1. Of the residues that sit in region 115-159 and are touching a residue at least 60 places away in the same chain (Cβ under 8 Å), more than 20 Å from D84 (Cβ to Cβ) and of a type in the set (S, T, N, Q), which one is surrounded by the most Cβ atoms within 10 Å (Cβ to Cβ)?
2. With the condition kept exactly as written, say whether any residue in region 263-281 is out of contact with any Asp or Glu (no Cβ under 6 Å at 6 or more places or on another chain), modelled with pLDDT under 85 and among the hydrophobic types (A, V, I, L, M, F, W, C).
3. Take the residues in region 346-378 that are aliphatic (A, V, I, L, M) and touching a Gly at 6+ places or on another chain (Cβ under 9 Å); name whichever of them is farthest from P259 (Cα to Cα).
4. State yes or no: is D94 surrounded by fewer than 18 Cβ atoms within 10 Å (Cβ to Cβ) and of a type in the set (D, E)?
5. Only one residue in Y520, Y590, Y584, Y597 is in contact (Cβ under 8 Å) with a residue 12 or more places away in the chain and surrounded by fewer than 16 Cβ atoms within 10 Å (Cβ to Cβ). Which one?
6. Checking the structure you have, find out if any residue of region 536-548 is among the charged types (D, E, K, R) and at pLDDT below 90.
7. Against the definition (in contact (Cβ under 8 Å) with a residue 12 or more places away in the chain, aromatic (F, W, Y) and either farther than 29 Å from S434 by Cβ or not in a loop (DSSP other than H, G, I, E, B) (or both)), how does F566 come out, yes or no?
8. Got at least one residue in region 572-580 being at pLDDT below 90 and either more than 30 Å from Q431 (Cα to Cα) or more than 33 Å from the chain's Cα centre (by Cα) (or both)?
Amino acid sequence: MSKRVVGIGLFVILAMARVTAQEITQLESKPVFGKEARVISYILDNNHYRKIKLNDSLSAAILIRYVKELDNSKTYFLASDIKDFDRYKYSIDDLTRNENVTPAFVIYKVFDKRYKERMDYVLNTLVNQSFDYSTDEYYDTDRDKANWATSTEELNEIWRKIIKSQALSLKLAGKKQEEITETLKARYQRFNKTFSQFNSEDVFTIYMNSITEAYDPHTNYMSPKQSDLFKQQMSLSLEGIGAQLQSENDYTKIVKILPGGDAQKSGKVNVNDLITAVAQGKDGEMVDVVGWRLDDVVKLIKGPKGTVVRLMILPAKTGVNGPAQEVVLVRDKIKLEDQAAKKEVIKYQVDGRQMKLGVISLPSFYMDYEAYQKGDQNYKSTTRDVKRLVGELKTEGIDGLVMDLRNNGGGSLPEAVDLTGLFIKDGPVVQVKSSANKIDVLSDEDKEVFYSGPLVVLTNRFSASASEIFAGAIQDYQRGVVIGESTFGKGTVQTVIDLSRFINETEPVGELKLTFQKFYRVTGSSTQHKGVLPDISLPSAFDAQHFGESASPSALPWDVIRAASFQKVTQVNPQVITSLNKSYQDRTRYDVSLKKYISETEELKKNLNETRISLNETKRKQEMAEAEQKKASEKLDTKITTKEGLPVDQLQDLKDEYLREGLLILGELITKRFG
């Protein structure tokens, strides 16, 4: 996913620990950094799937990546700085192998100087300024293609627009001039405090990740502190409101909604919403969190079970130019069973026939390895749970089944293979190719078909990894119909290597997460980049260039290997898919609910791609009013009917249009293909 960072957005990700004043002043390389760099370069050269060497060409890419990591918005460095950094363009490879990480600290010291210049200008000039909001001008948050500023005056103008945009947002939120000044001053003083906590380990971490991620986006270096924090927080990751967050554009963005949390249960929070403030309890004061470190925002949001937290968000539907909205949530501990597969039965009538359709929602591919290894006969796993649920649905007499894999980021590979086995007789499910070009075929060995009825698989852009393996196999065997968006496109496998195995040091060292294998479908096609293309495509707001594997320039390419030997079942042949697609296209013209969904999706796509922010108060008010009007129109009650005018029973009240389409297509599959 692309990140457009303004200000100090980068540092909220890495500044994870408080440091002493002595550490702050010592932004110098340590001998252990050079040793780690040399070992990592050796591992990458010899074990990474890509089989490329750290050379002059890669050095140039690493330099660009490191500069971009420090100043992604091109609002600190000058063009003259960038030209000066070119001295390292073709030497990073040799320096790294020789335990020399000097470029990291030389470039960072220039950034440190430029950052302090910017903050002095902001705090001493801009935050006290009263802006003219009648001027018709814009600020573009996407500065990827912008040129580096050639002078301090040019940077001053860029920052004038940044601060003016932030001040206008506060004004439109009802703040008076004095409050705006105080809020902005406090915000940038926090930036300075965060920046002062950066230490040499943080600098080295950014630099090493610029090297590792030049190979591919999933090969990463974790410092000792990051590694420890990650392990400590794993047990806490399912507490709170049930949302996964990341820093972007100085905002805290919601990137995933976890099943079972209040974020999901309330229906008031969505992926890509931006959090601008947090308040405690029903009456607590809203604390502005724009520009905060990610872990500090998380601390405000987390709290004791049963307590209330209020969020001020900019909804993804209306974008950064839309009105802010307050959301009240109740903290809770998300139970593991909330993450497990769930079922429901939905009834509706089509062509005079009453149907029962089963739906199984699967948030992840999980397995309790610890319980399994202890010999617990009741250990939890995806396949065991789904088999039990499908058995119950069969007992209830369902006519067809939907497997909902939306937002399923993957998990256990064996579970993806075993789950596929519930729906096919036997045969290969996925091929795994190693960096040594060895290909292993993982197969379903069980000849039993547990469920042989009509099957639909729902996917979206955030269905990844194991989800793509399952959906791809169902599609390749022609066992079911895949409906939705193209999936994420993550077709690689990683392993974690502890660098202490290679470095004999008293000082702690980090870990390397390395890409060493790649997934291929039974047809021989990789899931990398392309993911799984649905048989029937639903409207999507998320293009691959910004959301998915293709968002990263260093992602491994899509390719093809030899197909495995497998037998299609032809339950959904090309003729059936063509017929279902025709019916879907017909519905886009007459189905009120679907037409509304298409319109909303297009609006969301437009808002996600909108990077120009008006600095004119009248225009911004107009944009906010239009967003509110659209939001109000969404609440109007519309009766959903079939082409023949028959009510669709329980589908009438189904607010999930994505699922409704899956059920309508499944219903038609039952009547046309299975009779």
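1. T141
2. yes
3. V350
4. It is true that D94 is surrounded by fewer than 18 Cβ atoms within 10 Å (Cβ to Cβ) and of a type in the set (D, E).
5. Y590
6. yes
7. So F566 does not fit the description; no.
8. No: region 572-580 contains no residue that is at pLDDT below 90 and either more than 30 Å from Q431 (Cα to Cα) or more than 33 Å from the chain's Cα centre (by Cα) (or both).
The values are calculated or read from the model by the stated rules, or taken from the named source; none is laboratory data. What you are looking at is a predicted structure, and each value in this text was computed from that prediction instead of being measured. Please note: Cβ atoms are built from the backbone with ideal geometry, for glycine as well, and neighbour counts cover all protein chains shown.
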